Amino acid sequence: MNSFQLANESSPLSLTPNFILPEHKRPNLSQVTSLDSIPIIDLSYYDHNNNNPSSLEVVHNISKACEEFGFFQIVNHGVPEQVCNKMMKAITSLFELPPEEREHLSSTDYTKNVRLISYYLKVEGGEKVKMWSECFTHSWYPIDDIIHLLPEKIGTQYREAFTEYVKEIGSLVKRLLSLISIGLGLEEDFLFKKVGEQPRQRAQANFYPPCPDPELTMGLQEHTDLNALTVLLQSQVSGLQVNKDGKWISVPCIPNAFVINLADQIEVLSNGRYKSVLHRAVTNNVHARVSMAMFYGPNPNTTIGPIQELIDEEHPLKYRNYHFSEFLEEFFKQEGKRRLVKEAFELPR
Ligand SMILES: O=C(O)CCC(=O)C(=O)O
Ligand SMILES: [Fe+2]
């Protein structure tokens, strides 16, 4: 795959035109603020068997983060550091394979379970501008069915690391969904039951090589995640930015933390109370950056719509009910555009 070719050998600091965004789509990095920050939540203060003040505070802080930012980081979450490190190493090795060895994985067919993709943005005139990233994506449920789909070529290292990682993330997601359910005033297993029967789970390993001019291009264009909840692990190189009240704020790298991102289905289920917010990944010209997004979403046959208990006079019904498969269809229809997927299911005011 020739994703990161430069304009010519003698001028390595110029990008080929197919990576250069029109001016109004560029990251405008000088405008990004680090004054505001997404909350950091220490999960060790939560005791499942005890309604003590510190447990209630954890639930409260998560709920507040979901309302105000749609994003938070968690520390002391119980996932062993070495499991995460192994996963990051395996992803790095995958993207270090010579292009000809990973080329056969790339595909634009989104019905293919395992594939390497390059995202793009369609600009005026229908032209495609490539993002400065490569993403390796596949499902993660049920893990025993997936693991043999991961090609031999990418090695046992990834398979082994992923098998361990997935178990940890599976139970972390369950804990997070119960904390989020309690925060919404629901039974603690509510969201897990709603999303959890044969969920649609996708993993996406993102790779952002150093970019000669980070002001001209983007690692991943602004988007919201289409699933219910995303658990993101990032290497110690910053690049993720979250939109808060129209301003971009950067997400600092904290050792052994996960970034938790509420996605579209929870926004809809919570009738708009919890936010699925725009985020993007920018590049830098020094270090390669790697991240692993674990997307957790409903089965395509699941009916999604605002939870009855969260609708009242003050919070009138905001979205119509739909099968998640309809949502996916709309999502793929908007490929390459600034996606407005959940907006397509909003009810008129
Ligand atoms: O690399 C990142 O930090 C962001 C990744 C992301 O937003 C995604 O994979 O949906
Ligand atoms: Fe995302």
task = Tell me which of these Glu187 doesn't satisfy, since it passes every other one: (1) away from ligand 1 (no atom under 16 Å from the Cβ); (2) more than 15 Å from Val282 (Cβ to Cβ); (3) part of a loop (DSSP other than H, G, I, E, B); (4) touching a residue at least 12 places away in the same chain (Cβ under 8 Å).
result = (4)
inquiry  = Give me the residue from the range 271-291 that is in a strand (DSSP E or B) and aliphatic (A, V, I, L, M) and, out of that set, nearest to Ile38 (Cα to Cα).
reply    = Ala281
Per-region count, the range 221-232, residues more than 9 Å from ligand 1 (Cβ to nearest atom) and in a strand (DSSP E or B) = 4
message = Kindly evaluate Val268 against the criterion of being in contact with a strand residue (DSSP E or B) (Cβ under 9 Å, 6 or more places away or on another chain) and in a strand (DSSP E or B).
response = no
request  = Just give me the residues in the range 240-265 being part of a strand (DSSP E or B), of a type in the set (Val, Ile, Thr) and more than 14 Å from ligand 2 (Cβ to nearest atom), in sequence order.
outcome  = Ile249
Unique match (being polar (S, T, N, Q) and away from ligand 2 (no atom under 12 Å from the Cβ)) among Asn206, Asn285 = Asn285
task = Check the range 204-220 and report whether any residue there is at pLDDT 95 or above, within 15 Å of ligand 1 (Cβ to nearest atom) and part of a helix (DSSP H, G or I).
result = no
ask   = Does Lys89 count as touching a residue at least 60 places away in the same chain (Cβ under 8 Å), under 22 Å from Arg280 (Cβ atoms), surrounded by 13 or more Cβ atoms within 10 Å (Cβ to Cβ) and of a type in the set (Lys, Arg)?
value = no
message = Name the single residue that is nearest to Leu340 (Cα to Cα) among those in the range 267-312 being within 13 Å of ligand 1 (Cβ to nearest atom), among the β-branched types (Val, Ile, Thr) and in contact with a helix residue (DSSP H, G or I) (Cβ under 7 Å, 6 or more places away or on another chain).
response = Val282
key: Only listed residue being small (Gly, Ala, Ser) and on the phi > 0 side of the Ramachandran plot, chosen from Gly219, Gly246, Gly196   = Gly246
inquiry  = Quick check on Val237: is it outside any helix (DSSP H, G or I), away from ligand 2 (no atom under 14 Å from the Cβ) and at pLDDT 95 or above?
reply    = yes
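The values are calculated or read from the model by the stated rules, or taken from the named source; none is laboratory data. All values derive from a computational prediction rather than experimental measurement. For neighbour counting, all protein chains shown are included, and Cβ atoms are generated from backbone atoms with ideal geometry for every residue, glycine included.
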